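Accompanying notes for the structure given below.
What follows is calculated from the coordinates using simple rules that are stated; it is not laboratory data. This structure is a prediction, so every number in the text was calculated from the model and none was measured. Cβ coordinates were reconstructed from backbone atoms using ideal geometry, including for glycine residues, and neighbour counts include every protein chain displayed.
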Amino acid sequence: MKVTEHIKQANGKTLFSFEIIPPKKGNSIQELYNNIDPLMDFKPPFIDVTTSREEYVYIDRDGLLDRKITRMRPGTVGICAAIKHKYNVDTVPHVLCGGFTKEETEYLLVDCHYLGIENVMALRGDAMSHQKYFEPANGGHTYACELVKQIQNLNNGKYLHDVIEADDKADFCIGVAGYPEKHIEAPSLKSDLKRLKEKVDAGADYVVTQMFFDNRRYFKFVEVAQKEGIKVPIIPGIKPIAVKRHLQLLPQVFKIDLPEELISEVEKCKDNKAVRQVGIEWAIQQSKELLEFGAPVLHYYSMGKSDNIKAIASQLF
């Protein structure tokens, strides 16, 4: 079932969902199952599975370093299929511009269609570690809007090199990212919202936000997005702080602000166990406000760990 259909059938009730990352190459999927199992008690209608783009590794060959490109966490579509089969829950694979040609994207989407996966999250992706700015793959998309258009074309039977008349055409529900504190590369929130509107006009069906820690950012984002004509559901993304290092890491990587009150509480903590509890309590209060606001879904960035997400959800769902 599509994400938008789940939201519609909920009749105004806020749903629970979460996001996981594939295990690294050589690791068992069982660890992933072990972290998903406790969260199934809260009946998530869908689970997101991230896609990691390629990265460089250096291999020592007789004293000389040989640079090779690889993917450390492959298998997004396979994991989606495994989760869908094991738990009978819808899955949302993330589809990236970065590192993929248009042909590779089409093959991935065809595989999703064959597997009965009805939802995809269309993202540009980040620049590689050695790049100052994002660079598309040779023959790939530069912007998420272009990726949305390709997926929508596939929904209409338009493949890259031909048009196929078929009784069983793809009909993907397309999610895209939104940024309550604007995208790092956008000159202003207003200009960023124009880009978001372009993605919606191209065929995006819903928005999931970047993490935020001040709900006022989300409330304002929804308000101005609606004024821009963005009428699709806007799902808030929530990540509980788990270690003290997050005070520096999250603003640095995601270019977001942390509330002074949260910073003060974390700085008082003597160890990361205490930090984790602060993160849980902050996320519970965030979630309660978002429930009162009527957010369609509370989407948690679990990053493969479930104990803190379970502690939060047990107070809400």
Taking R0 as 30 Å, what FRET efficiency do you get between Lys86 and Ser264 from their Cβ-Cβ distance, rounded to the nearest 0.05? 0.10
How would you rank Tyr301, Tyr179, Tyr114, going from fewest to most other Cβ atoms within 10 Å of each one's own Cβ? Tyr114, Tyr301, Tyr179
Determine the shape class of the chain: with a ≥ b ≥ c the square roots of the Cα gyration tensor eigenvalues, call it rounded for a/c under 1.5, and otherwise prolate if a/b is greater than b/c, oblate otherwise. rounded
Give a residue-ordered list of calculated ³J(HN,Hα) values for region 265-277 (Karplus: 6.51 cos²θ - 1.76 cosθ + 1.60, θ = phi - 60°; whole Hz; x for Gly, Pro). 5, 5, 5, 6, 5, 8, 8, 6, 5, 5, 4, 4, 5
Under 8 Å for C-alpha pairs, at least 6 residues apart: give me the relative contact order for the chain, rounded to a whole percent. 19 percent
Counting DSSP beta bridges with both partners in region 157-260, what percentage is antiparallel, nearest 5? 10 percent
Could you list Val3, Val224, Val120 in order of exposure, starting from the residue whose Cβ has the fewest other Cβ atoms within 10 Å? Val224, Val120, Val3
With a ≥ b ≥ c taken as the square roots of the eigenvalues of the C-alpha gyration tensor of region 231-317, please select rounded if a/c is under 1.5 and otherwise prolate if a/b is larger than b/c or oblate if it is not? prolate
Excluding residues fewer than 8 positions from Lys310 in its own chain, the lysines with Cα under 16 Å of it are Lys43, Lys239, Lys273, Lys288
Protection-proxy order for peptides 254-263, 41-50, each taking the mean of Cβ atoms within 10 Å per residue, highest first: 41-50, 254-263
Mind sorting Asp167, Asp205 by how few other Cβ atoms lie within 10 Å of their own Cβ, fewest first? Asp167, Asp205
Contour minus Cα-Cα span, Glu165 to Glu289, at 0.36 nm per residue, comes to 39.9 nm
Based on the Cβ-Cβ distance of Met303 and Ser188, what FRET efficiency does E = 1/(1 + (r/R0)^6) give at R0 = 30 Å, to the nearest 0.05? 0.50
Could you pull out every one of the lysines with an alpha carbon less than 22 Å from that of Lys25, ignoring same-chain neighbours closer than 8 positions? Lys68, Lys84, Lys86, Lys305
Computed for region 3-313: size of charge dipole around the Cα centre, +1 on C-beta of each Lys and Arg, -1 on C-beta of each Asp and Glu, debye to nearest 20, value 680 debye
Residue-normalised 222 nm signal for the chain, counting each DSSP H run of n ≥ 4 as -39,500 (n - 2.57), nearest 500 deg cm²/dmol, is -12000 deg cm²/dmol
Rounded to the nearest 5, what is the percent of antiparallel bridges among the DSSP beta bridges in the chain? 25 percent
